[in-house]
Amino acid sequence: MNTFFKSKQTQDFSKISASIDIPVRTMDFNFPDEIPEFWFNNNALLTMLLTALSGAFPDGERQFIHSVRNYQAKIEDPVLLKQVRAFIGQEAHHGKEHDALNAVMLKKGYPVDRIYKRFKKMNRLMQEQFSTAHQLACTVCMEHLTAILADYFISTAPQDLELFNTHVRKIWAWHAIEETEHKAVAFDVYQSLVNRPYFLRWVMIETTLSFLVITTRGTAELLRASGKQLDLKELYEGLRYLFGGQGLVRRIGKNYRDFFSADFHPWQHDNREMMNLLKKQYFNEELLK
């Protein structure tokens, strides 16, 4: 048997993973009409980037659920099976709540529906052409990408949550927390039932490139729809936030690269303490040990 996932260090991280509680929260967010058009840092580029991500979430989450359900009946570990059911519940609620936010942006004239249609088509093609193992590997990789983006707002720069308009801040904080809570579920399913590490690394490269292309395309479409001509200062500020010396991309880079290490496990990035502080702040949930 391949021992890629069997080091003592990885087993220790798996113990952390098994101890994580994954509650399924019902949020029912309401978004008033007065939400400003550019609700992240009053910046069109950054807002449209996040809107493109939000537009991708509902059908993206449905594909994640589909890929894990392919293996659900084969899971023998009762703890992992419970976590899979919670993962499905959380992801279903993510889709529902982002549908509501996307409806607000659609009402403002942004073609979020194009992103929906694109992801429906992409998911259909994946299910027709990719093996179940490939689909699960894609989910593992996307869960890592969303987890390290979530961790940026949880651990690296939690103050940046204040850059969101107050009407949308809570949905992004909630999504970041829940992506962290279940960040190892798909990985643990893959680890126990597929265990093809080199294939997983290759799929991460494939998934990263697809993510960059699709997100860039969606952001560009939304910016064109805004009719707003980006001035150089605003463009510079948005690009610096993303790619500057202390920008988001540089600051999540190490966590991204760790995925390719031989003993990687999502909980080697142990951000439970900072996540619990955010849970206390936004949900008034008691801190966990």
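The values are calculated or read from the model by the stated rules, or taken from the named source; none is laboratory data. Predicted, not measured: the structure shown is a model, and the values here were computed from it. Because the Cβ atoms are built from the backbone with ideal geometry, glycine has one as well, and the counts that use them run over all protein chains shown. These area figures cover heavy atoms from the full protein model, side chains too; ligands, DNA and RNA do not enter into them. Shrake-Rupley method; radii C 1.70, N 1.55, O 1.52, S 1.80 Å.
Numerical summary
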quantity: Ser226, Ser192, reordered so the largest accessible area comes first (probe 1.4 Å); calculated: Ser192, Ser226
quantity: Of Gln159, Gln191, Gln135, the one that fluctuates the most in a GNM where the chain has Cα springs shorter than 10 Å; calculated: Gln159
quantity: Equivalent-ellipsoid semi-axes of the chain, from the Cα gyration tensor, Å, largest first; calculated: 30, 21, 19
quantity: Approximate shape of segment 135-283 as ellipsoid semi-axes (Cα gyration tensor, √5λ), whole Å, largest first; calculated: 28, 21, 14
quantity: Degrees, to the nearest 10: 132-151 long Cα axis against longest axis of the chain; calculated: 60
quantity: Per DSSP, loop trypsin sites (Lys or Arg not before Pro) in segment 185-229 with at most 15 further Cβ within 10 Å; calculated: Lys228
quantity: Environment charge at Pro158 (Cβ cut-off 13 Å; Lys +1, Arg +1, Asp -1, Glu -1); calculated: 0
quantity: Radius 11 Å from Cβ of Tyr110, net charge of other residues (Lys, Arg +1; Asp, Glu -1); calculated: +1
quantity: Acute angle (nearest 10 degrees) that the helix 248-257 long axis makes with the longest principal axis of the chain, alpha-carbon atoms; calculated: 10
quantity: Cross-link partners of Lys82 among lysines (Cα-Cα below 18 Å; sequence separation of 8 or more within a chain); calculated: Lys15, Lys74, Lys183
quantity: Loop-located GluC sites (Glu not before Pro) in segment 21-116, at most 10 other Cβ atoms within 10 Å (DSSP); calculated: Glu34, Glu76
quantity: Alpha carbon centroid spacing (whole Å) that separates segment 74-101 from segment 28-47; calculated: 27
quantity: Amide H contacts under 5 Å for Glu285, placed H, 5+ residues apart; calculated: Lys280
quantity: Helix 197-226 axis, angle to the chain major axis (alpha carbon atoms, nearest 10°); calculated: 10
quantity: Accessible area expressed per residue, segment 109-265, with surrounding protein chains retained (probe 1.4 Å, Å²); calculated: 46
